[in-house]
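See structure below.
The values are calculated or read from the model by the stated rules, or taken from the named source; none is laboratory data. The structure presented is a predicted model; accordingly, all values stated were derived computationally and were not measured. Positions of Cβ are generated from backbone atoms using ideal geometry, with glycine treated the same way; all protein chains shown enter the neighbour counts.
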Amino acid sequence: MQLVSRPWESLVAWFRGDLVCVDAHGDEPPGKIARRRLIRMIDEGEPWAAVMMCPCGCGEVIELSLSPDSKTYWTLGIEAGRPTLHPSVWRNTGCRSHFWVRRGRVHWVL
């Protein structure tokens, strides 16, 4: 995996508690996902998924499709290594978390 942003920007984001985006190549998400990491999965040069640990701390892995061919998909923007997802993430099972990710920050929907 390779950091998308410059090292100092990633370091600042880490200390602030932001999510930092990293790329992984292949058609399977990695077996272990670090806290505060959003992994952009790329296969054949195209991003196909965003994978992260649920920010609530429940320990579940969230996999979001980035493919417009999917029935439900998200768009992923990256600014200085910090991800923005659209639309919000709303888990309908498990912890039932509902949140936005904007410039690496998790914003909870109450």
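Tally the residues that are surrounded by fewer than 17 Cβ atoms within 10 Å (Cβ to Cβ) and modelled with pLDDT of 95 or more, restricting the search to the stretch 74-83.
Of the residues in the stretch 74-83, the ones surrounded by fewer than 17 Cβ atoms within 10 Å (Cβ to Cβ) are 75, 77, 79.
Filter again for modelled with pLDDT of 95 or more, leaving 75, 77.
Total meeting the criteria: 2.
Residues that are touching a residue at least 24 places away in the same chain (Cβ under 8 Å) and not in a strand (DSSP E or B): does the stretch 43-53 have at least one?
Scanning the stretch 43-53 turns up no residue that is touching a residue at least 24 places away in the same chain (Cβ under 8 Å) and not in a strand (DSSP E or B).
Quick one: count up the residues across the stretch 64-75 that are over 18 Å from TRP108 (Cα atoms) and assigned to a strand (DSSP E or B). Quick ask: steps written out before the conclusion?
At the first step, the residues of the stretch 64-75 found to be over 18 Å from TRP108 (Cα atoms) are 65-73, 75.
If we keep only those that are assigned to a strand (DSSP E or B) too, we end up with 65, 75.
Number of matching residues: 2.
Exactly one condition in (1) at pLDDT below 95; (2) among the small types (Gly, Ala, Ser); (3) closer than 18 Å to GLY77 by Cα is not met by GLY26; state its number.
(3)
Just the residues that are hydrophobic (A, V, I, L, M, F, W, C), assigned to a strand (DSSP E or B) and in contact (Cβ under 8 Å) with a residue 60 or more places away in the chain, please, taken from the stretch 80-110. Full working, then the answer.
As a first pass, look at the stretch 80-110 and keep what is hydrophobic (A, V, I, L, M, F, W, C): 80, 85, 89-90, 95, 99-101, 106, 108-110.
Subsequent filtering for residues that are assigned to a strand (DSSP E or B) retains 85, 89-90, 99-101, 106, 108.
If the condition is that a residue be hydrophobic (A, V, I, L, M, F, W, C), assigned to a strand (DSSP E or B) and in contact (Cβ under 8 Å) with a residue 60 or more places away in the chain, then VAL101, VAL106 are the ones that fit.
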